[in-house]
Structures are given as C-alpha cells and as structure tokens.
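Colleague: Mind looking over this structure? Questions follow.
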Amino acid sequence: MKNIKLSGVRAQQKEKTRRTLIDTAFNQLNAEQGFASLSLREVTREAGIAATSFYRHFRDMDELGLAMVDESGLTLRQLMRKARKRIEKGGSVLQTSVTTFIEFIDKNPKVFLLLLREKAGTSSAFRSAIEREIQHFIVELVDYLDNANNMPHHYNKAQAEAMVTIAFNAGAAAIDLDAKQRKDLIAELIFQLRMVSRGAYYLYRRELVNRSSSLPSPDKS
C-alpha cells in the first residue's frame, strides 16, 4: 500500500514538472522569439529544473514543442465547443464564434503565436502537427455545418476551410491591436465570414435551379 502511494506521488511530481517545462517554454515565446530560438538550457534554467532532468519528460526540444502544439490546438477546440454550446441556447453563430476566437487570442497570445509562426517554420514535424490541429478544427466546423444547414457535405467542407483560413489570418492581425482596433477587426471578420456563408448558400441554390431546369419536362399528353 505504501509503495502504491509512493508511486502515485512520483507520477504527480513528474506531471507537475512536465507542466512546468511546457508553461516555461510558452512564457518565453514573444513576437521576437519563436520556439526555434529557445534552448533546452534556457528553458530548464527558467523552470528551475536540472538540464539532465528534462530527458525524463521529453526526448528533445522538438518533442516539447510538439506537446505544446497539441495542447494549443486542444485548448482552442475546447473553447470553440463551448461557444457552440452557447449558440445552442440562443445568439448569433458568427458573433459568438468570432468573439470567442478573438478573446482566446487576447488571453493566450503566446499559444496562438506558436500555431501561427511554426505553421510556416522550418521543421516539417511542426508544420505537420500544426496542419493536423487546423484540420481537426476544420473537421469540427464541418460537422457543425452538416448539422446546422441542408447543404451537401462538400459545400460545408469548402465553407469551413475558407472560414478557418480567414479567421486565422485575422487572428494574426489581432495580436498587436488595441481594444478599439480589435473591436473593428471583429466586425470586419464577422462581415467576411457572413459573405462566405451567404456565398456558399447562393452557389448551392443556383446549382439546384440549374439542375431542375436541365430536367426533361413532364409528359403532358
């Protein structure tokens, strides 16, 4: 029984140290310093952990970075799920989604910076991991659209991909804006996403009209 308790304490301590390393690495990110410029020695010194202890938690800095990417994507997806729950209780879909997204960036700029910067970074492992997180984000939006409207799946997929691309580009701009500028950005982003949504619906309606007009006329004899 004593050994079981000791094992549990060690597991908790290991997780606590792992958490400290991740948080420290996030704290060192800024507009001038990306993950690629961080060093193992720098992170462990700031975390108050011996450099040799690092390898009990991660094989190398790349594995630490990938864990940060996974956590960033998961945090954002969980937040957007909560936004969709609020939408179910009433409220504007675009207003709630965009406001939630920009608030996330405002409160977690370093998390978003990691996703944004490493998406175009030199590490193929990072690029693949971030693209995977973005695809998770798109898939969840497609699922929502499939349930929320009557358009075919491929329309919803194209719409979701366009919306996520536009939102991430706006998010990059939001990082350096003040409150007034961010409010203006939210209004502009909602307008852009509404255009995508209405454009998709218009194309679908036109396709239905074209399809019905190409059908042979019923025999009136």
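The values are calculated or read from the model by the stated rules, or taken from the named source; none is laboratory data. In this text, all values refer to a predicted model and were calculated from it rather than measured experimentally. Ideal geometry is used to build each Cβ from the backbone, glycine not excepted, and the neighbour counts take in all protein chains shown.
Colleague: Return the only residue of 150, 169 being out of contact with any helix residue (DSSP H, G or I) (no Cβ under 6 Å at 6 or more places or on another chain) and assigned to a helix (DSSP H, G or I).
Modeller: 169
Colleague: Something else now. How many of the residues making up segment 13-59 are under 20 Å from residue 72 (Cα atoms) and either touching a strand residue (DSSP E or B) at 6+ places or on another chain (Cβ under 7 Å) or among the aromatic types (Phe, Trp, Tyr) (or both)?
Modeller: 3
Colleague: What number of residues within segment 103-124 satisfy the criterion of being in contact (Cβ under 8 Å) with a residue 40 or more places away in the chain and either in a loop (DSSP other than H, G, I, E, B) or more than 19 Å from residue 29 (Cα to Cα) (or both)?
Modeller: Number satisfying all stated conditions: 3.
Colleague: Can you tell me which residue among 219, 184 is at pLDDT 90 or above and surrounded by fewer than 17 Cβ atoms within 10 Å (Cβ to Cβ)?
Modeller: Working: 219 fails: at pLDDT 90 or above.
The unique qualifying residue is 184.
Colleague: For residue 176, which of the numbered conditions (1) surrounded by fewer than 15 Cβ atoms within 10 Å (Cβ to Cβ); (2) under 21 Å from the mean Cα position of the chain (by Cα); (3) farther than 21 Å from residue 79 by Cα; (4) without any contact (Cβ under 8 Å) to a residue 12 or more places away in the chain fails to hold?
Modeller: Single failed check for residue 176: (4).
Colleague: Within segment 80-107, can you find the residues that are of a type outside the set (D, E, K, R) and at pLDDT below 85?
Modeller: 80, 83, 87, 90, 91, 92, 93
Colleague: Here's a follow-up. Collect the residues in segment 7-37 that are surrounded by 11 or more Cβ atoms within 10 Å (Cβ to Cβ) and either among the basic types (Lys, Arg) or out of contact with any helix residue (DSSP H, G or I) (no Cβ under 9 Å at 6 or more places or on another chain) (or both), keeping them in residue-number order.
Modeller: The answer is 14, 15, 18, 19, 33.
Colleague: Taking segment 143-172 as the search range and keeping residues that are among the aliphatic types (A, V, I, L, M) and over 25 Å from residue 112 (Cα atoms), which one is surrounded by the fewest Cβ atoms within 10 Å (Cβ to Cβ)? Before the answer, list the steps.
Modeller: Narrowing segment 143-172 to residues among the aliphatic types (A, V, I, L, M): 145, 148, 151, 158, 160, 162-164, 166-167, 170, 172.
From what is left, the residues that are over 25 Å from residue 112 (Cα atoms) are 148, 151.
Working: 148: 12, 151: 18.
Going through the qualifying residues, I end up with 148.
This table checks each residue for (1) farther than 29 Å from residue 21 by Cβ; (2) in contact with a Pro (Cβ under 7 Å, 6 or more places away or on another chain); (3) loosely packed, with under 15 Cβ neighbours inside 10 Å.
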position	(1), (2), (3)
58	no, no, no
67	no, no, no
72	no, no, no
75	no, no, yes
88	yes, no, yes
98	yes, no, no
110	no, no, no
113	no, no, no
117	no, no, no
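Colleague: Sticking with this one: Specify which of the listed residues (103, 71, 161, 140) is touching a Lys or Arg at 6+ places or on another chain (Cβ under 9 Å) and either among the acidic types (Asp, Glu) or farther than 24 Å from residue 198 by Cα (or both).
Modeller: Testing whether each residue is touching a Lys or Arg at 6+ places or on another chain (Cβ under 9 Å) and either among the acidic types (Asp, Glu) or farther than 24 Å from residue 198 by Cα (or both) leaves just 140.
Colleague: Restricting to segment 119-142, name every residue that is aliphatic (A, V, I, L, M) and surrounded by 15 or more Cβ atoms within 10 Å (Cβ to Cβ).
Modeller: 129, 130, 134, 138, 141, 142
Colleague: So, in segment 1-41, of the ones that are among the aliphatic types (A, V, I, L, M) and over 23 Å from the mean Cα position of the chain (by Cα), which residue ends up modelled with the lowest pLDDT?
Modeller: So the residue we want is 6.
Colleague: If a residue has to be buried (at least 18 other Cβ atoms within 10 Å of the Cβ) and within 21 Å of residue 129 (Cβ to Cβ) to count, how many in segment 38-56 make the cut?
Modeller: 3
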